[in-house]
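Bear in mind these aren't lab numbers, they're just calculated from the coordinates by the rules spelled out. For clarity, every value in this text was computed on a predicted model and none was experimentally measured. When we count neighbours, we look across all protein chains shown, and the Cβ atoms used for this are built from the backbone with ideal geometry, even at glycine.
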Amino acid sequence: MPIKAKTKNKTKNAVTFTLDGKSVEAPTGATILEAAGHNGVHIPTLCYHPKLKPMSSCRVCSVEVEGVDAPVMSCVTPAVDGMNVTSKSPALDKFRADMIRFILVNHPLDCPVCERSGECLLQDSTYDFGITGHEWKTDGHIKEPVVDWGLIRYDVNLCIMCERCVSICREVQGITAYKIDGSGNGARINTVTGKPLDCDFCGQCIAVCPVGALASGIIFTGRSWEVEKFETICPHCGVGCSYNLDVKKGMVARVTSDESIGHNNGNLCSRGRFGYEFIQSSERILTPLVKEGSRYVKTDWDTTLALVARKLAGIKMNHGGSSIIGIGSEVSTNEDAYLMQKFFREVLGSANIDNMSNILAPEFCSRLFENFDGVNCVSSFDELSNGDIFVYIGFDGSNENPVMSNHVRKAIMDNGAEVAVAFSKKAFFLPPPKVRLVYDYPKLYKFVIALLKEILGSTPDSPDLPESVNSIEIDAEWRHNFENACGGIVKEIGPDLGSGIADLAAAIKKKSKPFYIIGQEVQRHPQAAAITVQIANLAKLTGGRIVVLREYCNTQGVNDMGVASGALPGYKKDGAAKRNEGRNAIDILLGGMAKAMVVMEEDVLARHPERATIKDAMGELDFTVVIDSFFTDTCEEADVILPACVAAEKTGTFTNVEGRVQSLNPAVERVGVSRSPWEIFTELENNMGNEFSYGSSDEVFGEIAGSVQPYGNALATAFADYGGLAGGSPVLTWAEPEPIIKPVEDALMALPDRSLFALGVNIKHCPSLRRLDPASYAAFGPADAKKFGISEDDDVEFSDARGKWKAAVRIDEGVATGTVRIPQEMESATLNKITVNGKALDCVTPSGLGKGR
Ligand code: FES
């Protein structure tokens, strides 16, 4: 006799049904599987994955539903009022075991030689159902070779056709690199093109594969039960994903993702999943090194720190503390950064300390500090699920901060949100954006103004404006400035872009919760501050939010900690920096006012476009100290090199682009005698006769919390609470900003390309990723290739102050006419000629645009 479901006192938006003889409730729309889980009843599954839409390929989750003759797949069948479901019975046990027997027909019992053994769902299910071998067999199986797709290997012999890999690639990455070829026994996973896999190599497919069919190209040399998992933070970009470092015998054997930790829901990019080889690289610096003549001699900490202390004290005494400059790092911890600036300001008496985000994007950073209080631009990733349109401005979503786009894709999948991309080349983004615009890079400011004008209409009082605009006070002066600034802009930018701007404005106006994502192309622009203010105005006028994507893992934190000229920890104004008149540490170096330099975990020469000039200036210094893990280009100019441990060996915190403070968890012993920079500054300070007495990074963080209010709050509350624009509105500044951009009508604009497979010093020491990173190249649009008679068989020669070097030519239809794309590392402020087929083409880089102000 079926048990009647009780519907009395039912919770709103819930269904009531009978499960295993008990009346239960579940949210309306839940599947039987989800409803059972909601009520603490376990139903076995195999192909189901909570992050993905059900594939319904294995039938292991089947249950009995009264009135239905055959078992019903619980992962796709909704629970409905009055239903009577049985999740466990002898008949179901047999049915589920038979499904496993079917799968095993095509799956060898190779567990002893499979690297997934011990963490294989099929292995577990086989054991759980008491299956002892290949009970059902087929003849004629030939073992097929493993397909090598570089960072990913596919073993068709182990594949159970669950389709998880196909689904995650489509639903979470938006890429659709995989498909299923064939059917029945001949079915297999293949690439959609049938050619070798050419994708983002995020490795999400490996993470969700329930068996050993998809595996990392970096061979895992452990067994699952041999590794200890250390939950920590990825050090490769500002998104700050959580992941596990799986450690075997003191070595990182692999990275694994975990949906239950961090904000990233188990998503990682290629850098996160495969970029760990540097930790154990044989090229790590193991001991302090002191230059003697032209070579570096290994020495010990005591001798070296005494030497550095003596040298710095002497230079301070003879030339003043401000003759010592410091460059901090966007990859050091908050604790490292905080003690570096404290050492400079309190011990050396120098305010000349900075980091590369400030130096390369001074316009942007100054405005960030002054007008947005440094932290108000950031916004919690959780809030992104509320967004209904994401406007990428100068953000290459596939290559910069890749997991950020996973958050956006989730909003697309879950809520039907839209994406619009405005970039200086046809940026790759999947699924295809609602609007895709290619702007003229020098006119980015005008592009944003034109978008504002389109949104407001010809007058700010237009009746079809979004509700939010009516709440803004628009006075006569504001209107006058706006109308003056916008006159003729769309026409000037070009008719094609003008139409695109109208489409973008229309798309934004149809939505109520736009998010404006500001990428590196805005931040590095010579008019970055003005552009950012106008994007903030866009957000204000449309009820939107801004997400400022900082590039490296602690770009936010290093600025919060005051490793920035003119800004103390927490963005308090540094009065001591006034006499520098806005000059940063590199300006002081290039002005010949520096005598010594301390560089912490930053390859200044590799990152600064004026490499040759800086190298020459460093050559003139009396003393240079570099703290780093690898021998970088900057180390070549050092008198002393101090070995730093890497994130996997450290305690401390990073602050991600949301403003979320996240702790590192040391997974392996430090190599050699390497140390964290906060320890080095503590001991250096002690060597100079002072009394820093920090015994742990926690103690340093305690001091940070006491002096930087938001960090103090972070100890008690979720750090994301203070993100976003909620704390204040931007200043409406409409005057044409300085610096004036030099005209580039007759020159190609050389714009840097960011690579998904490269960022920073550490990735240079990950050989598997480096194989995917394109070599030097120059990519031209088809129109320019035709105009200049360039083909992909040609070589191109660059020339700048460093000299000349060659690269390969690419023709890329995504590259805008009038521009040439070059790898980020090849960017040079003095790059002024590109020569192809003996023909010299004038060019200018973004960093060259602001020159001569
Ligand atoms: Fe439901 Fe595979 S888990 S069909």
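Ranked by Cβ crowding within 10 angstrom, fewest neighbours first, how are Ser350, Ser398 ordered?
Arranged by neighbour count, lowest to highest, Ser350, Ser398 become Ser398, Ser350.
Restricting to Cα atoms and excluding each atom paired with itself, what does the Kirkwood estimate give for region 632-688 in Å?
Hydrodynamic radius (Kirkwood, Cα pairs) of region 632-688 is 13.3 Å.
So what is the orientation-averaged projected area of the chain, using the convex hull of its C-alpha atoms, in nm²?
40.4
So how long is each side of region 14-59 along the principal axes, counting just the alpha-carbon atoms, biggest first, in Å?
So the extents along the principal axes, rounded to whole Å, are 29, 19, 14.
Can you give the FRET efficiency for Ala783 and Glu669, using 1/(1 + (r/R0)^6), R0 = 56 Å, r = Cβ-Cβ distance, to the nearest 0.05?
It comes to 0.50.
Could you sort out which of Lys311/Lys764; Lys298/Lys650; Lys786/Lys806; Lys311/Lys342; Lys513/Lys573 sit more than 28 Å apart by Cα distance in this structure?
Lys311/Lys764; Lys513/Lys573, as the Cα separations exceed 28 Å there.
Using θ = phi - 60° and the Karplus curve 6.51 cos²θ - 1.76 cosθ + 1.60, what whole-Hz ³J(HN,Hα) does each residue of region 346-357 get, with Gly and Pro shown as x?
Values, residue by residue: 8, 9, 7, x, 10, 9, 8, 10, 7, 9, 5, 5 Hz.
Per residue of region 630-647, in order, report the coupling 6.51 cos²θ - 1.76 cosθ + 1.60 (Karplus, θ = phi - 60°) as ³J(HN,Hα) in whole Hz, putting x for Gly and Pro.
10, 7, 8, 4, 5, 4, 4, 9, 8, 8, 9, 10, 10, x, 9, 7, 9, 3
Running Debye on region 543-617 with equal point scatterers at the Cα sites and no solvent, what base-10 log of I(q)/I(0) appears at q = 0.16, 0.17, 0.19, 0.26 Å⁻¹?
So the normalised log intensities are -0.76, -0.84, -1.00, -1.31.
Grab the Cα-Cα distance for Ser224 and His141, subtract it from 0.36 nm times how many residues apart they are, and report the gain in nm with one decimal.
So the chain would gain 27.0 nm between Ser224 and His141.
Have a look at the DSSP beta bridges in the chain and tell me what percent are antiparallel, nearest 5.
If I count the DSSP bridges inside the chain, around 55 percent turn out antiparallel.
Can you run phi through the Karplus equation (6.51, -1.76, 1.60; θ = phi - 60°) for region 161-176 and list ³J(HN,Hα) in whole Hz, with x for Gly and Pro?
Coupling constants for region 161-176: 6, 6, 6, 4, 5, 4, 5, 5, 5, 7, 7, 9, 8, x, 9, 6 Hz.
Multiplying the sequence separation of Ala576 and Glu813 by 0.36 nm and subtracting their Cα-Cα distance, what value in nm do you get?
80.2 nm
In the chain, if the dipole is taken from +1 on Lys/Arg beta carbons and -1 on Asp/Glu beta carbons about the Cα centre, which of Gly29, Asn686, Pro210 is farthest to the positive end?
So the residue we want is Gly29.
Of Tyr711, Ser791, Trp805, which is farthest on the positive side of the dipole of the chain, counting Cα position, with +1 on Lys and Arg Cβ, -1 on Asp and Glu Cβ, and the Cα centre as origin?
Ser791
Checking a compactness column here: for region 310-356, what do you get for Rg(Cα) / (2.2 N^0.38 Å), N being the number of residues?
It is 1.15.
Please state, rounded to one decimal and in Å, the Kirkwood hydrodynamic radius that region 515-651 gives when every pair of distinct Cα atoms enters the mean of 1/r.
17.4
Taking Lys137 as the anchor, which aspartates and glutamates have their alpha carbon closer than 19 Å to its alpha carbon, excluding any fewer than eight residues away along the same chain?
Straight-line reach from Lys137, under 19 Å: Asp98, Asp110.
Ranking Tyr276, Tyr243, Tyr296 by Cβ neighbours within 10 Å, fewest first, what do you get?
Tyr296, Tyr243, Tyr276
Given a Förster distance of 22 Å, report the FRET efficiency between Lys88 and Ile261 from their Cβ-Cβ distance, rounded to the nearest 0.05.
Efficiency for this residue pair is about 0.10.
Place the peptides 503-513, 214-224, 759-769, 85-95 in order of packing, highest mean first, counting for every residue the other Cβ atoms within 10 Å and averaging per peptide.
Going from most to least packed, we get 759-769, 503-513, 214-224, 85-95.
Which value at 222 nm does the chain reach when only helices count, each DSSP H run of 4 or more adding -39,500 (n - 2.57), with the total divided by all residues and rounded to the nearest 500 deg cm²/dmol?
Computed mean residue ellipticity for the chain: -8000 deg cm²/dmol.
Which angle from 0 to 90°, rounded to the nearest 10, does the C-alpha axis of helix 362-372 make with the longest principal axis of the chain?
The angle comes out at about 70 degrees.
On C-alpha positions alone, give me the angle between the axis of helix 476-486 and the longest principal axis of the chain, in degrees, nearest 10.
Here the helix axis deviates by roughly 80 degrees.
Going by C-beta contacts inside 10 Å, put Thr304, Thr28 in order with the fewest on the left.
By the 10 Å Cβ count, ascending: Thr28, Thr304.
Suppose every K and R has +1 on its Cβ and every D and E has -1 on its Cβ; what is the size of the dipole of the chain about the Cα centre, in Debye to the nearest 20?
Once rounded to the nearest 20, the dipole reads 1060 debye.
Rg and Dmax in Å for region 154-273, alpha carbons only: what are they?
For region 154-273, the Cα-based Rg and Dmax read 15.0, 45 Å.
Sequence neighbours fewer than 8 away in the same chain don't count; with that in mind, list the lysines whose C-alpha is under 20 Å from Lys12.
Partners found: Lys4, Lys22.
Sketch the reach of a paramagnetic label on Glu346 as a point 7 Å from Cα along Cα-to-Cβ, and name the residues of region 565-604 whose backbone nitrogen lies under 15 Å away.
Those under the cut-off are 568-570.
I need the fraction of alpha carbon pairs in region 656-695 separated by more than 17 Å, rounded to a whole percent.
That fraction is 54 percent.
What aspartates and glutamates sit close enough to Lys248 to cross-link, taking a C-alpha to C-alpha distance under 19 Å and skipping anything fewer than 8 places away on the same chain?
Once the sequence-local aspartates and glutamates are set aside, what remains near Lys248 is Glu115, Glu119, Glu226, Glu228, Glu231, Asp258, Glu277, Glu649, Glu669.
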